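The structure appears right after this line, and notes come after that.
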Amino acid sequence: MIKSMTGFGRCEIMEGERRFAVEMKGVNHRYLDMNIRMPKKLNFFETSIRSLLKKSILRGKVDLFITYEDSSESQVALKYNETLAGEYLTYFKQMEEAFALENDIRVSTLSRYPEVLSMEEQAVDEEELWNGLRQALDGAIRQFVETRTLEGENLKQDIVSKLDGMLGLVAYIEERSPEIVAAYRQKLEEKVKELLEDAQMDEGRIAAEVVIFADKICTDEEIVRLKSHIEHMKETLKSEEAGIGRKLDFIAQEMNREANTILSKANDLEVSNRAIDLKTEIEKVREQIQNIE
């Protein structure tokens, strides 16, 4: 199935008092490049997230954004450090005796000293956390793949349409070639007659010149290969093979090579124009292929 590398997906899941939101977008890239942004609390899931993405995405630059909220009251707990409070009081007592100061310490004052009272995050159930995150990831990935597939189908139809148009150009060049040779022979004979006037023409020499000319402009092999490449690309687009973008790009390069040779051999304005049109269409196809996974 043809997939574009451009896509978007979003999913939001509520698990009790936890909210997970996943948003992802993709653009063209030669390889798979994943950029994940998420709260530090979820960092230990990064390897699992990457493994999950690789199951559905082969190529492209993918940006993944994860937000997480927990509105439960059990997220944090107040921690009292009695040992540290005792040390504070011990040193206050020493200061009172050493400097003859009044020890006016109160509980409310002591509680404000560093680390006597602190907020501590409660341990979370990793499996429960992953289950909620996994649901949001699955939903976003599913939508992401759907948009890529839809865009891929549009790309496929556009490329096939361009390939059919290219076959028409190739057919014109193929039909035009014998006409060019015939026209060359006629012009050659007329020129020779004009130069020789009443003298006898050497038909063998004329035929030899025509053969040399025909061989020089002959593009039969290039046309056969080009038609084969076009059909090969159409068949590849129909296949269920995954990740065909690189293969299609290679075929397009071969098509461009044959079109260049045809243009270089062209000895006729109409053939030159059609060869230029071929190169233009091949370049358009290559641009579209750059979007395919």
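The values are calculated or read from the model by the stated rules, or taken from the named source; none is laboratory data. Note that the structure is predicted; figures quoted are calculated from it, not measured. As a convention, Cβ positions derive from the backbone with ideal geometry for all residues, glycine included, and neighbour counts pool all protein chains shown. Ligands, DNA and RNA are stripped out before the accessible areas are found, and what is left, the full protein with its side chains, is counted by its heavy atoms. Shrake-Rupley method; radii C 1.70, N 1.55, O 1.52, S 1.80 Å.
Points to keep in mind about this one:
- Test: residue in region 115-131 that is assigned to a helix (DSSP H, G or I), over 16 Å from TYR68 (Cα atoms) and not β-branched (Val, Ile, Thr): no
- Matching residues, region 232-273, being in a helix (DSSP H, G or I) and charged (D, E, K, R): LYS234, GLU235, LYS238, ARG246, LYS247, ASP249, GLU254, ARG257, GLU258, LYS265, GLU270
- Every condition in (1) surrounded by fewer than 16 Cβ atoms within 10 Å (Cβ to Cβ); (2) touching a helix residue (DSSP H, G or I) at 6+ places or on another chain (Cβ under 6 Å) is met by GLY9 except one, and the failing one is (1).
- Considering region 100-111, and only residues there that are aliphatic (A, V, I, L, M) and part of a helix (DSSP H, G or I), the residue that is surrounded by the fewest Cβ atoms within 10 Å (Cβ to Cβ) turns out to be VAL107.
- Residue tally, condition of a type outside the set (Val, Ile, Thr) and buried (at least 18 other Cβ atoms within 10 Å of the Cβ), over region 144-161: 6
- Residue within region 220-238 that is in contact (Cβ under 8 Å) with a residue 40 or more places away in the chain, more than 14 Å from MET166 (Cβ to Cβ), surrounded by 16 or more Cβ atoms within 10 Å (Cβ to Cβ) and over 18 Å from the mean Cα position of the chain (by Cα) present: no
- TYR91 under 30 Å from LEU117 (Cβ atoms), more than 31 Å from the chain's Cα centre (by Cα) and of a type in the set (Ser, Thr, Tyr): yes
- Filter result (open to solvent by less than 80 Å² (accessible area, probe 1.4 Å) and either over 22 Å from LYS284 (Cβ atoms) or modelled with pLDDT under 90 (or both)) within region 239-255: SER239, ALA242, GLY243
- Within region 267-288, tally of residues that are surrounded by fewer than 21 Cβ atoms within 10 Å (Cβ to Cβ) and in contact (Cβ under 8 Å) with a residue 40 or more places away in the chain: 7
- Set side by side, the residues GLY139, GLY165 differ, and just one is under 30 Å from HIS229 (Cα atoms) and either among the acidic types (Asp, Glu) or under 31 Å from the mean Cα position of the chain (by Cα) (or both), which is GLY165.
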